[in-house]
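One structure, pasted below without further comment.
The values are calculated or read from the model by the stated rules, or taken from the named source; none is laboratory data. Small disclaimer: the values here were computed from a predicted structure and weren't measured. Neighbour counts run over all protein chains shown; Cβ positions are idealised from the backbone, glycine included. Ligands, DNA and RNA are excluded from the accessible area calculation, which covers all protein heavy atoms including side chains. Shrake-Rupley method; radii C 1.70, N 1.55, O 1.52, S 1.80 Å.
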Amino acid sequence: MLRSLGQRPVTGSDEDPRVTELRTAVSRLRRELAAHPAEFTDRAIAEDELAALAAMATGGMPETPRLRRSLLLIAGAIGSVSALSRGLSDVRQAVDLFGEPGR
């Protein structure tokens, strides 16, 4: 994972490494959620918000407040599913790379 904001992607593109990290974490959690056999009440919310995060990461530089809103909704929807906790933590860390929202 890219940990430093100063690192450049290995692919040689000019894409912001934070966006790459977000896209990777969201993709991983989406796969884990799709493979998770148990149904739970807010699964559709988590799937919708992960799709929104994926779209933001594809569309360029996402807005930090919107990232944080989606993260909160995802955490609320799947926070009690321990099998998904690592993937959720990775998404949180990727969102944190974008810093604090402006006040």
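Okay, residues lined up against (1) among the small types (Gly, Ala, Ser); (2) at pLDDT 95 or above:
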| residue | (1), (2) |
| --- | --- |
| Ala25 | yes, yes |
| Glu32 | no, yes |
| Glu39 | no, no |
| Glu47 | no, yes |
| Thr58 | no, no |
| Met61 | no, no |
| Ser80 | yes, no |
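A follow-up question, please. If the requirement is being in a loop (DSSP other than H, G, I, E, B), over 13 Å from Leu84 (Cα atoms) and not hydroxyl-bearing (Ser, Thr, Tyr), which of these qualifies: Pro62, Pro37?
Details: Pro37 fails: over 13 Å from Leu84 (Cα atoms).
Matching residue, one of Pro62, Pro37: Pro62.
Are there any pairs with C-beta distances below 7 angstrom linking a residue in region 46-63 that is among the acidic types (Asp, Glu) to a residue that is open to solvent by 20 Å² or more (accessible area, probe 1.4 Å), with the two at least 6 apart or on different chains, and if so which?
Note: pairs meeting the criteria are Glu49/Leu73.
I would also like to ask the following. Name the one entry in Ser70, Ser89, Ser82 that is without any contact (Cβ under 8 Å) to a residue 60 or more places away in the chain, hydroxyl-bearing (Ser, Thr, Tyr) and open to solvent by 60 Å² or more (accessible area, probe 1.4 Å).
Checking each option against the conditions leaves just Ser82.
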